[in-house]
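First up is the structure itself, then whatever we jot down about it.
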Amino acid sequence: MKIVVKMEMVNDKKFNEIVSILENKYKNVGYYLNFKTPIDLLVAAILSPQTRDTTINKLTPKLFENYHTAADYAHADKAELLSYISSVTFANPKAERIIEACRIVDEKYGGRVPDEKEDLLKLPGIGEKTAVTILINAYGKVEGIPVDTWVIKLSERIGLADSKNPDKIEEELKSKIDKKYWHNFAYILKEHGKELCGSIPHCSKCPLNGICPKNGVTKSL
Ligand code: SF4
């Protein structure tokens, strides 16, 4: 039988203290997928769901060597494109999304990845999190906080947000975190999750021990 303990939200003072400690500990952390151009980033981001970053970063050098522009992808032979991305999960639908998204970018936006969120959201394979990610990392436009599974999991566990809904979490975080931290906050939480606060939290080694409510953790009986 599983009991999920109701999470406890930290107050504003603790919230800022937590953000500041995490910012300080992970100050050199940044976006984790390698890319040189907005079209590289668009493609890497479409490949990313349910696939390890290391897998994406391992395959993209060869991929980017052979495909440079939206038109290159739009006119790609799907079997050939698949030969570069076969190590990702759901490679076939992702190849189709890449080709279609790049066709739209090529035909509708003259080959330039759009820099408006509403335009990005119309591309296949691009949801809210990815659109915000592209705007931040390709164009330096910080309009939100990308909410991925790490942000969902840790925001609840640490008491930073009172929801499992990505949109509500983003709004809650945005209302409390200084905008200067938005661009990196998701990557900081991800790093914290990987280093200390994964499925088995290492609380005794964690700089948040003593502040973090450690609630929201599922306990098995
Ligand atoms: S490792 Fe423990 S103390 Fe640190 S954030 Fe995770 S649950 Fe909280």
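The values are calculated or read from the model by the stated rules, or taken from the named source; none is laboratory data. As the structure is a computational prediction, the values presented were derived from the model and not from experiment. All Cβ positions, even for glycine, are placed from backbone atoms using ideal geometry, and neighbour counts span all protein chains on display. Only protein heavy atoms, including side chains, enter the accessible area calculation; ligands, DNA and RNA are left aside. Shrake-Rupley method; radii C 1.70, N 1.55, O 1.52, S 1.80 Å.
Once you have the Cα-Cα distance between residue 104 and residue 82, take 0.36 nm times their residue separation minus that, and quote the gain in nm to one decimal.
Extra length from residue 104 to residue 82 when fully extended: 6.0 nm.
Using only Cα atoms, find the angle between the long axis of helix 91-108 and the longest principal axis of the chain, and express it within 0 to 90 degrees, rounded to the nearest 10.
Roughly 70 degrees, rounded to the nearest 10.
Expressed as a rounded percentage, what relative contact order does segment 38-139 have, with Cα pairs under 8 Å and six or more residues apart?
31 percent
Mind grabbing the accessible area of residue 112 for me, 1.4 Å probe, Å², rounded to tens?
Solvent-accessible area, nearest 10 Å²: 120 Å².
What number, in percent, do you get for the relative contact order of the chain if the mean sequence gap of Cα pairs under 8 Å and at least 6 apart is divided by its residue count?
Relative CO of the chain lands at 31 percent.
Just from its helices, what would the mean residue ellipticity at 222 nm be for the chain, if runs of 4 or more DSSP H residues each count -39500 (n - 2.57) and the sum is divided by every residue, rounded to the nearest 500 deg cm²/dmol?
Counting only the DSSP helices, I get -16500 deg cm²/dmol.
Using a Förster distance of 35 Å, how high is the FRET efficiency between residue 72 and residue 149, based on the Cβ-Cβ distance and rounded to 0.05?
0.65
Which residues does a label at residue 65 reach in segment 85-118, if reach means a backbone N under 15 Å from a point 7 Å past the Cα toward the Cβ?
Answer for this model: 85.
Calculate how steeply helix 166-176 sits against the longest principal axis of the alpha-carbon atoms of the chain, using the helix alpha-carbon long axis, and give the answer as 0 to 90 degrees to the nearest 10.
Relative to the chain, helix 166-176 is tipped by roughly 60 degrees.
Read phi for every residue in segment 110-122 and hand back ³J(HN,Hα) as whole Hz from Karplus 6.51 cos²θ - 1.76 cosθ + 1.60, θ = phi - 60°, with x for Gly and Pro.
Result, rounded to whole Hz: x, x, 9, 4, x, 10, 10, 4, 4, 6, 4, 5, 7.
Packing-wise, with mean Cβ within 10 Å as the measure, how do 132-140, 18-26 rank, highest first?
Values: 132-140: 20.2, 18-26: 16.7.
Top to bottom by mean Cβ count within 10 Å: 132-140, 18-26.
Just add up the charged neighbours of residue 148: K/R +1, D/E -1, any other residue whose Cβ is under 14 Å from the Cβ of residue 148.
0
Measure nothing fancy, just the Cα-based angle from helix 53-66's long axis to the longest principal axis of the chain, in degrees from 0 to 90, nearest 10.
The helix 53-66 is inclined about 20 degrees to the chain.
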